[in-house]
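Engineer: Here's a structure for you.
The values are calculated or read from the model by the stated rules, or taken from the named source; none is laboratory data. For clarity, every value in this text was computed on a predicted model and none was experimentally measured. Counting neighbours? That spans all protein chains shown, and the Cβs are built from the backbone with ideal geometry, glycine included.
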């Protein structure tokens with residue numbers, strides 16, 4: 001019953017459920033500079049590993065991307081999720097205000 005109640009709340013409020021990862025885990029993402037400039041190659045990827053430290057605080061460790069480093073982290077039991085395989089994102093070169101846009105219609 002509780003699961004259906006949460007689904008109804010998410011449907012009404014149009015919220016997406018947050019992804020839950022096991023701790024520790026790693027994410028492969030692009031650097032913010034690469035996302036801004038639209039450059040997507042292997043040199044602009046980073047591995048973010050989230051784990052708890054000695055004081056039970058969640059910390060983020062940042063590594064440069066390489067296939068061998070991913071294999072080593074997976075061999076240590078850390079699951080790696082690749083977010084770079086998702087949809088393409090395009091850089092924004094300029095913004096247009098709604099008053100500047102021109103619309104044409106065929107009617």
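Engineer: Just checking, how many residues over region 26-39 are touching a residue at least 40 places away in the same chain (Cβ under 8 Å) and within 17 Å of residue 70 (Cβ to Cβ)?
Structural biologist: The total comes to 5.
Engineer: Look at residue 61 and say whether it is at pLDDT 80 or above, assigned to a helix (DSSP H, G or I) and surrounded by 10 or more Cβ atoms within 10 Å (Cβ to Cβ).
Structural biologist: no
Engineer: If a residue has to be in contact with a helix residue (DSSP H, G or I) (Cβ under 8 Å, 6 or more places away or on another chain) and at pLDDT below 75 to count, how many in region 16-33 make the cut?
Structural biologist: The number of residues fulfilling the criteria is 2.
Engineer: Got at least one residue in region 99-106 being modelled with pLDDT under 80, surrounded by fewer than 12 Cβ atoms within 10 Å (Cβ to Cβ), over 14 Å from residue 26 (Cβ atoms) and within 16 Å of the chain's Cα centre (by Cα)?
Structural biologist: no
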